[in-house]
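Reading through the structure tokens given below for one structure.
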Amino acid sequence: MVTAAMIAQHFEATIKDHPKMKLREIQRRSASEMYVNVTFDCCYKVKKIVNEKTVGNYKEEFGLLWDYAYELRSKMPGSTIKMVVQRVIVDSLPYFKRPLIGLDDCILKGPFKSEFLTIVGRDTNNQMFPITWTVVEVECTDS
């Protein structure tokens, strides 16, 4: 007898890659790949099992952030490391504030080889706007 846990194990990577996969798609793939007919309830359980494993991984990875910060402090004395974390409740997953300013670069090819650097910000409507831009020769401290 095939259980939801066995199907979840079989399709774990697929569902992680496609988290919005429909239950009908899981049902169809179970029939074609595993040669079993499953109900929508079973497909729902499969998806729930995979999502719970994924959330568990996020909790484990978040727990390692403090270890990473400690390791950076010990390997690079004098450096400043700040982490800001907000939680809705004590047991909830961490909520990281999104950055309001971002730096991006683009390598320009052709006869004028250089790099195009931009700094963009986000406003309250989640719209991006350019703050400044520049064209530099190469990535170095002189330019």
- [ ] Would you confirm whether any residue within the stretch 41-61 is assigned to a loop (DSSP other than H, G, I, E, B) and either at pLDDT 70 or above or surrounded by fewer than 10 Cβ atoms within 10 Å (Cβ to Cβ) (or both)?
- [x] no
TODO: Determine which single condition ASN37 fails, assuming it passes every other condition in (1) at pLDDT 85 or above; (2) assigned to a helix (DSSP H, G or I).
DONE: (2)
Open item on the list: Looking at ARG73 and the list (1) surrounded by 10 or more Cβ atoms within 10 Å (Cβ to Cβ); (2) of a type outside the set (A, V, I, L, M); (3) within 24 Å of LYS20 (Cα to Cα); (4) at pLDDT 80 or above, which single condition is not satisfied?
Closed with: (3)
- [ ] Search the stretch 1-32 for residues being in contact (Cβ under 8 Å) with a residue 12 or more places away in the chain and of a type in the set (Ser, Thr, Tyr), and hand back the single one that is surrounded by the most Cβ atoms within 10 Å (Cβ to Cβ).
- [x] SER30
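The values are calculated or read from the model by the stated rules, or taken from the named source; none is laboratory data. Computed from a predicted structure; not experimentally measured. FYI the Cβ positions are ideal-geometry reconstructions off the backbone, even for glycines, and counts take in every protein chain you see.
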